[in-house]
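Following: one structure in structure tokens, then a few remarks.
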Amino acid sequence: MQVEELMTRDLVTIEKDATVSEAISKMNTNDIQQLPIVDNKKYVAMLTYKNILRRGSIKTNSKVYNFSINTPVVGEKADVIEAVRLIKESGLNSIPVVEKGILKGIITRTDIIKNLEKIISNAKNIKNFEIMNSDVVTVEENEDIEVAADKIRQLDEYEIPVTKNGRLTGILRAREIINYAVMDKEKISYGEYTSGKSKVEVVASSLMDSPVYVDEDSNVLDTVNVLLKNGLHIVPVVDKNMKVTGIIGISDIINIIETGSEEGFFIEVSGLDQDDRDLYDITYFMADKFIKNVCRIIGNTGKLIFNIRKYKTEGRGKYSVRTKLITPKMTMERDDADYNYGKCISRILKNYESTIKEK
């Protein structure tokens, strides 16, 4: 199956000299999370909601190109599996389809999961409990929107489940936070929420949508339908009492598609800002060293996930780190916190290593 058979041709784009406020308006109007930036039909770069969320206070008359990211591209005649590989490795929602520099279309994660049964013949036999992530982060109904915004940013997601005493009551979308944060068409105050410069008397329940969910024993095709019908990127998994027991995201579904490049470890880091390059370097250096130490035991294939949250306590910056190690042989989770980021990561990885060697 070729990319041109699945790709979206009816594109929404924005010129590189357009403003951020124009981009937000286009993304809201068309209910999209990524916007290709072009210069006279030539593909330039990509703008995403996530990039906007990661920034501090932003003037909405800033040029979109200043907040763009470079992305891989794929050709119309390329195999769909190549597009899946690029989406997996880049972490993007979509990959531009480009021929001789001209943007011809875009292939999205949604395009792929819509056709999942054509790509994976046994998709209907895959159950939610086999692919869901049980390490769930939620926001309580009465938590300030500042807290909710920070959690979504730290998770690097577009939505988060809202709960009351552990039971699912709604879904909060990043776009609702951004829309609320746009003040007087002059500046985006989202950054003021996370930096603590401004206190907003709004709670998560006031912006959330109605609850959407699946159960553990449903098959992945049913879950795809729920995601598509509700325009979601993640969906909570609940038990009979509506307690959230897991999360399934589009990325979890994409990851079950074999691309022939599965050998090797993916190191996934979320929650850090663009200014935290030193922390990224520490994370990747220590993770790489850990993997080399244990690969003879656990094999050469897997994923090591880091989710970092920064906060202040006693006037000092502290790091809370949640991790998950996924391999064909085992799945483990470890959490830790410390004022010293390097020591925190070191303890987690040493704990993993000692546990693996004991097994």
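Electrostatic tally near Val73: other residues with Cβ closer than 12 Å to its Cβ, Lys and Arg +1, Asp and Glu -1, net 0. Checked against a 21 Å cut-off, the cross-linked pairs Lys229/Lys324; Lys41/Lys63; Lys16/Lys42; Lys50/Lys151 give Cα-Cα distances beyond that limit for Lys229/Lys324. Taking the inverse of the mean 1/r over every pair of distinct Cα atoms in the chain gives a Kirkwood hydrodynamic radius of 21.6 Å. Taking amide H as placed 1.01 Å from N in the peptide plane, Val203 has its amide H under 5 Å from the amide H of Ile145, each at least 5 places away in sequence or on another chain. Across Ile113, Ile308, Ile297, mean-square fluctuation computed from a Gaussian network of the chain (C-alpha pairs under 10 Å connected) peaks at Ile297. Within the listed set Gly246, Gly342, Gly170, the Gaussian network model of the chain (springs between alpha-carbon atoms below 10 Å) gives the highest mean-square fluctuation for Gly342. Only lysine pairs 8 or more places apart, or on different chains, with alpha-carbon atoms under 25 angstrom apart are counted in the range 76-134, and they number 16. For the range 27-152, the gyration tensor built on C-alpha atoms gives an oblate shape. Its axis ratio a/c (a ≥ b ≥ c) is at least 1.5, and a/b is not larger than b/c.
Exposure here means at most 10 other Cβ atoms within 10 Å; with GluC sites (Glu not before Pro) in a DSSP loop as sites, the longest stretch of the chain lacking them is 1-200. Is the shape of the range 98-180 rounded, prolate or oblate, going by the alpha carbon gyration tensor and its root eigenvalues a ≥ b ≥ c, with a/c under 1.5 for rounded and a/b larger than b/c for prolate? The shape class here is oblate.
Protein heavy-atom surface of the chain, 1.4 angstrom probe: 44% of the accessible area is carbon and sulfur, with nucleic acids and ligands not counted. Computed from label points 7 Å out along Cα-Cβ, the spacing between Lys124 and Asn179 is 3.7 nm.
Enter the Cα centre distance for the pair the range 1-19 and the range 57-97, rounded to the nearest angstrom. So the separation of the two Cα centres works out to 10 Å.
For the residues Ala149, Ala83, Ala287, a GNM of the chain with alpha-carbon springs under 10 Å puts the largest fluctuation on Ala287. Using a cutoff of 8 angstrom between alpha carbon atoms and counting only pairs six or more residues apart, the relative contact order for the chain works out to 13 percent. With protein chains left intact and a 1.4 Å probe, residues in the chain average 49 Å² of accessible area per residue. When the square roots of the Cα gyration tensor eigenvalues are ordered a ≥ b ≥ c, the ratio a/c for the range 14-100 is 1.5 or more and a/b exceeds b/c, which makes its shape prolate.
The values are calculated or read from the model by the stated rules, or taken from the named source; none is laboratory data. Because the structure is a prediction, the values reported are computed rather than measured. Don't worry about glycine lacking a Cβ; one is built from the backbone with ideal geometry, like all the others, and counts go over all protein chains shown. Just so you know, the surface numbers come from the protein's heavy atoms only, side chains and all, with ligands and any DNA or RNA stripped out. Shrake-Rupley method; radii C 1.70, N 1.55, O 1.52, S 1.80 Å.
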